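Accompanying notes for the structure given below.
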Amino acid sequence: LGMFILGGSDIEDNFSRRCTLFSKYTKYLEKPPMIDRRAFFPSIFCISDSCLYVFGGHDGAADLAACERYSVQENVWRSIQPMRARRNGASVVAFDRVLFVFGGNNAQAGSLDSIERYAVEFDKWSMPRVRLTP
């Protein structure tokens with residue numbers, strides 16, 4: 001399929017909603033832009049539903065809890081339930097239809113040790129009791 005290039009910021013702090021597919025690693029194809037402009041966010045492609053997910057980040061003014069899903073088949077972005085914590089610089093991993101967002105930063109709280117669990121089929125977040133340790 002290729003590789004998606006998403007969002008980001010430039011040296012003038014212009015934050016982006018950009019979504020580009022580097023198709024078969026040979027040509028760039030512009031896709032619909034993300035709903036929110038963002039940088040410093042994790043993303044992951046979920047094979048079970050052929051969707052690309054983005055979580056939180058920073059919009060140039062504040063940390064985000066907002067999340068989105070891009071359907072490759074429909075070529076459209078849709079908002080999904082926001083995370084419980086606003087975070088940028090987090091990590092994400094997928095286990096079948098469950099996605100986990102780890103850590104990151106928050107302007108008020110600093111470095112986060114929390115983990116959030118997203119159930120793809122229910123569009124629902126929960127927070128496991130386990131925390132990240134330094």
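The values are calculated or read from the model by the stated rules, or taken from the named source; none is laboratory data. Just so you know, these numbers come straight off a predicted model, no measurement behind them. Heads up, the Cβs are rebuilt from the backbone with ideal geometry, glycines too, and the neighbour counts pull from every protein chain shown. The protein model used for the area step is the full one, side chains on, heavy atoms only, and it has no ligands, DNA or RNA in it. Shrake-Rupley method; radii C 1.70, N 1.55, O 1.52, S 1.80 Å.
For the stretch 87-134, trypsin sites (Lys or Arg not before Pro) meeting the loop criterion (DSSP other than H, G, I, E, B) and having at most 16 other Cβ atoms within 10 Å: Arg97, Arg129, Arg131. Under 18 Å from a label point 7 Å along Cα→Cβ of Ser16: give me every residue in the stretch 42-83 with its amide N that close. Hits in the stretch 42-83 for Ser16 at 18 Å: 42-44, 53-61, 70, 77. When the P(r) of the stretch 1-78 is calculated, the portion above 21 Å amounts to 24% of the C-alpha pairs. Label sites at Arg117 and Phe100, each approximated as a point 7 angstrom past Cα along Cα to Cβ, lie 0.9 nm apart.
Short-range pairs are left out: with C-alpha atoms under 8 Å and at least six residues apart, the relative contact order of the chain is 15 percent. Atom-type composition of the exposed protein surface of the chain places 51 percent of the accessible area on carbon and sulfur (1.4 angstrom probe).
Take the chain with all the other protein chains still there, run a 1.4 Å probe, and you get 57 Å² of accessible area per residue.
Along its three principal directions, the equivalent ellipsoid of the chain from the Cα gyration tensor extends over semi-axes of 24, 19, 12 Å, largest first.
Taking the alpha-carbon centroid of each part, what is the distance from the stretch 29-49 to the stretch 58-134 in angstrom? The stretch 29-49 and the stretch 58-134 have Cα centres separated by 12 Å.
Applying both filters, DSSP loop and at most 15 other Cβ atoms within 10 Å, to the chymotrypsin sites (Phe, Trp or Tyr not before Pro) of the stretch 80-134 gives Phe122. Each of Pro32, Phe55, Trp125 was placed along the dipole of the chain (beta-carbon charges, centred on the mean Cα), and the one lying farthest toward the positive end is Trp125.
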